[in-house]
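J.: Before I ask anything, here is the structure I am working with.
Read-outs throughout are calculated quantities, based only on the coordinates presented, and are distinct from any laboratory measurement. As the structure is a computational prediction, the values presented were derived from the model and not from experiment. Quick reminder, even Gly has a Cβ in these numbers, built from the backbone with ideal geometry, and neighbours come from all protein chains shown.
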Amino acid sequence: MEEAEKSEFTLTPDDHRFIETLGLHFEDEGIPRIGGRMIGLLILADRPLSLGQIADLLKVSPASVSTNARLFHTRALLEEISYPGDRRHYYVFSQSAWEQQFQMAMKTLLNAGKIFRGGLARLAPEEQVRRQRMTEAVEFFDFFHGVLEDALSRWRQRRQQPAADAPPSQSRTAS
């Protein structure tokens, strides 16, 4: 990785605005702003970046970068890359990030529906108010899961159709 480390990755003022805007968006969604900034940076990066490089480019602490990298790696937004002989960890934006978000949301909906089904099964027939609320929750989670299943299917179809102006896909293997 020494060769890639030597070539400087730079950001334009528009890049910085995009990164900051994405950071604020994530912050509005309850995720640390630095995490959103990291996602923005890695979306723009044309190569894997080390935790130190990310910290330097975003002018934040390496510890904050490390914490958020773990968070987003768990959420399948980032992929970790390693190079033989280099102990550092490098990150790229995951090529399957958006599909993974569908799958994680669907899993959440299935789990919530399961909880409500269990609660509904334990209710006595005379508990009408509780039964109505639990039934509605089960119907909601089932419905929303179906919507996401359909959307994921459409997303996959869309991804299989190459866009006329799309750059060729990059390999994520380290050399």
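J.: What residues have an amide H closer than 5 Å to that of H89, excluding those fewer than 5 places away on the same chain, when H is modeled at 1.01 Å from N in the peptide plane?
T.: Close amide H contacts, sequence-distant or interchain: L51.
J.: Right, next: If you average the alpha carbon positions of the range 6-45 and of the range 51-106, how far apart do those two centres end up, in angstrom?
T.: If you average the Cα positions of each part, the centres end up 13 Å apart.
J.: Could you sort the peptides 120-130, 50-60 by per-residue average Cβ neighbour count (10 Å cutoff), highest mean leading?
T.: The most tightly packed comes first, giving 50-60, 120-130.
J.: Only Cα pairs under 8 Å and at least 6 apart count here; give the relative contact order of the chain as a rounded whole percent.
T.: 15 percent
J.: As an exercise, use a Förster radius of 25 Å and the Cβ-Cβ distance of F144 and E20 to find the FRET efficiency, rounded to the nearest 0.05.
T.: In this case the efficiency is close to 0.20.
J.: Then there's this: Using a/c under 1.5 as the rounded threshold, could you call the range 1-92 rounded, prolate or oblate? The axes a ≥ b ≥ c are square roots of the C-alpha gyration tensor eigenvalues, and prolate needs a/b larger than b/c, oblate otherwise.
T.: Verdict is oblate for the range 1-92.
J.: Using 0.36 nm per residue of separation minus the Cα-Cα distance, give me the extension gain between R70 and L11 in nm, one decimal.
T.: So the chain would gain 18.9 nm between R70 and L11.
J.: What's the FRET efficiency of D46 with S96 using the Cβ-Cβ distance as r and R₀ = 22 Å, to the nearest 0.05?
T.: About 0.70, to the nearest 0.05.
J.: Just to be sure I understand the model, the point goes 7 Å from the Cα along the line to the Cβ. What's the resulting Q161 to R117 distance in nm?
T.: 3.5 nm
J.: Here is a further query. Which option, (i) 1.11; (ii) 0.95; (iii) 1.19, is the value of Rg/Rh (Cα atoms, Kirkwood Rh) that was calculated from these coordinates?
T.: (i)
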